[in-house]
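For reference, the structure discussed in these notes is given below.
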Amino acid sequence: MTLRSRLPAALVVLVVFGQQVATVAALGDALSPLADPFSEANAIRSGEGYAEQGFTLHAGLPMPGYGDRFPETGFRLQGAAVYTHYPPGPDLLVGLLTKAFGAGHVGRYRIAPLLVGLLSLAAFAGLLARAFGPLAAAGLLTVCALAPMFGNMMHGLHYQGYAFSLLLVELGLLIRLLGPHAARRPARHLAALCALGFLQGWLSFDYCFLVTFAPLPFALLWAEPPRREGIRRAALAIVLLGAGFTLAHGLHFAQVVAFHGGVEAALADLGASARQRAAAPALADRLRLVWEYATLHAPSAPFFSWALPLAWIGFLASWIVNRGAVESFEPVRGRAAWHVRRGPSAAAVAAAFAISLAWVALVSEHAADHLHFLPRHGFLFYFLCWLVPLASLGKERASTSDG
């Protein structure tokens, strides 16, 4: 691919990144009104605690009530109260940033999530281009950027911006593993997925279904029964992503055990929290919450806005007109080459829809209390809706290297 062919995708990346740089400049050292200020305040205070008291105090668990910064926002915990119910990754990151830049320099802390966001966007763009060519990659990036959630929490200091950036890299790697012109030697891609699973687990718990089962829609889309290698790769990717995520939570559990001084006390602590978060409402209430997420919260302005119904329309239109039974993944010169048949594409989008709403359906109490960021999970579904029609635009021969 020439530099000129890469330019459209690069421009999309720079526009999204530039918007976030402008947001950070306007915020100064204030909390972000959009990127979960409640959790940001907790992380900033915890970071000061780490920087001033050390990273090993309380088995490395955070103190979100430490100090007096942003006292009206976040948990109303006192002093050295320790929070045991969430992986400490975001708090540890702010602790390192506080060590590097000094206490209170919140605007400087945002350099880290911005840098992770930029590198992840660039990697995502590159992986799309290698699979589908620069035209389709630019189209996919453009429609992704139409959704406000695509970049609007990139500057956040808690987990949401980091987790979404890593999810983009995961999706790109899955396309390289399972999609057109898949890498012939997948070992390093699979190792990278395991590492991404661990990092995601160290950042949060509510991405568990999204991260672990993201390979499934791609397997349904491309890894058809004749392609046994693709099915094997998809299964292995799910296992490795889940193993990495689980390992991170196992490490967090070990922290809680060390803090409480025993396994029994740790299980009682985390078990009570889990039961509260996964409290089982009546089935009708659970279904209503899922319906509201899909039809009310996800299409709202901070998340997907009008881009979500547009994605539905784009997918349905392509599904209706796609009557070919193209078995080859090779683009066809001079016309759009449909890489998938109608059945697999519908199954893939349906799977993405189910995975995007799995946390809402299964952990309803937590989902009901976190409407301000959990609709972001819908990105997997949104991306698959656009992947089906736009991947077919790749008329250029994509890279067939092992990279």
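The values are calculated or read from the model by the stated rules, or taken from the named source; none is laboratory data. Keep in mind the model is a prediction, meaning the values are calculated, not measured. Glycine also receives a Cβ, built like all others from the backbone with ideal geometry; neighbour counts cover every protein chain displayed.
A few notes on this one:
- Residue in the range 209-226 that is surrounded by fewer than 16 Cβ atoms within 10 Å (Cβ to Cβ), closer than 20 Å to P186 by Cα and either charged (D, E, K, R) or without any contact (Cβ under 8 Å) to a residue 40 or more places away in the chain (or both) present: yes
- Residue in the range 136-153 that is surrounded by fewer than 18 Cβ atoms within 10 Å (Cβ to Cβ), within 28 Å of A298 (Cα to Cα), under 17 Å from the mean Cα position of the chain (by Cα) and free of Cβ contacts under 8 Å to residues at least 12 places away in the same chain present: no
- Tally of residues being touching a residue at least 24 places away in the same chain (Cβ under 8 Å) and more than 13 Å from V169 (Cα to Cα) across the range 114-128: 1
- Conditions (1) under 19 Å from the mean Cα position of the chain (by Cα); (2) free of Cβ contacts under 8 Å to residues at least 40 places away in the same chain; number of the one not met by L167: (2)
- Checking each residue in the range 301-338 for being in contact with a helix residue (DSSP H, G or I) (Cβ under 7 Å, 6 or more places away or on another chain), modelled with pLDDT of 50 or more, in a loop (DSSP other than H, G, I, E, B) and not aliphatic (A, V, I, L, M) picks out P302, F303, F304, S305, N322.
- Residue, surrounded by the fewest Cβ atoms within 10 Å (Cβ to Cβ), within the range 345-391, restricted to residues that are under 20 Å from I231 (Cβ atoms) and without any contact (Cβ under 8 Å) to a residue 60 or more places away in the chain: A350
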